[in-house]
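Asks: My questions all concern the structure below.
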Amino acid sequence: MEDKIKWGVIGSGGIARRRTIPEGIITAEHASLISVYDINQPVNKEVAKIFNAKPAESIKELLESGIDAVYIASPVSLHFDHVIACAAGIKHVLCEKPLGMTVTETEKMISVCKKRDVLLGTSFMMRFNTQHRAALKMIKEGKIGKPVYGRAQLSCWYPPMAGAWRQDPATGGGGSLMDMGSHCIDLLEMFFGNIKASAVI
């Protein structure tokens, strides 16, 4: 257990329950799930039971459960408060994208984590897709020449749903571009390097 990162999760329902906990934390050789928290306590208790973790009734309880790091999968509008709370508790953070609702908010989160010597990462999991890693290797090895143009597209069906926080600008931020589109932007930067200038066409 000493060589494992002890994880807590904020926002245990949704993507954490479906993908990150079972495919990321549970299967990782050097990770152990300790505690989970969600505002929906019945769901949280169910997730805790499924993955043999402690259901926390508050973020304070989660942060005091002996964890080293926190995976944050709450609505974007809550990321700021949750990251700041984790930094105050000296817990490293892996936060779902987008990191914050605004650039100013995000810069503050980064600054606070740096001051507290807390590692802060954004969960751009598509960087680790097998095909994407293979494409990056080909680019780096010059097997396709020098790329001069790139285009990324991510499509999915997401009809209007009552209570869906992603579909409410107050809780989801900037809509599809800020949410799923951020994966496309991140991958283009992975393949081509960081953006130096932008233009609206």
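Derivation of every value follows stated rules applied to the coordinates shown; laboratory data play no part. Since this is a predicted model, take the numbers as computed values, not measurements. When we count neighbours, we look across all protein chains shown, and the Cβ atoms used for this are built from the backbone with ideal geometry, even at glycine.
Asks: Sort through LYS196, LYS146 and tell me the only one that's charged (D, E, K, R) and either closer than 18 Å to VAL103 by Cβ or in contact with a Cys (Cβ under 6 Å, 6 or more places away or on another chain) (or both).
Replies: LYS196
Asks: Here's a follow-up. Looking at VAL36, is it surrounded by 23 or more Cβ atoms within 10 Å (Cβ to Cβ) and within 24 Å of LYS108 (Cα to Cα)?
Replies: Considered against the rule, which asks whether it is surrounded by 23 or more Cβ atoms within 10 Å (Cβ to Cβ) and within 24 Å of LYS108 (Cα to Cα), VAL36 comes out as no.
Asks: Could you tell me whether ALA73 is surrounded by 15 or more Cβ atoms within 10 Å (Cβ to Cβ), of a type in the set (Gly, Ala, Ser) and touching a Phe, Trp or Tyr at 6+ places or on another chain (Cβ under 9 Å)?
Replies: Spelling it out, it is not the case that ALA73 is surrounded by 15 or more Cβ atoms within 10 Å (Cβ to Cβ), of a type in the set (Gly, Ala, Ser) and touching a Phe, Trp or Tyr at 6+ places or on another chain (Cβ under 9 Å).
Asks: Let me ask another. Which condition breaks for LEU99 when tested against (1) outside any loop (DSSP other than H, G, I, E, B); (2) within 28 Å of CYS184 (Cα to Cα)?
Replies: The single condition LEU99 does not satisfy is (1).
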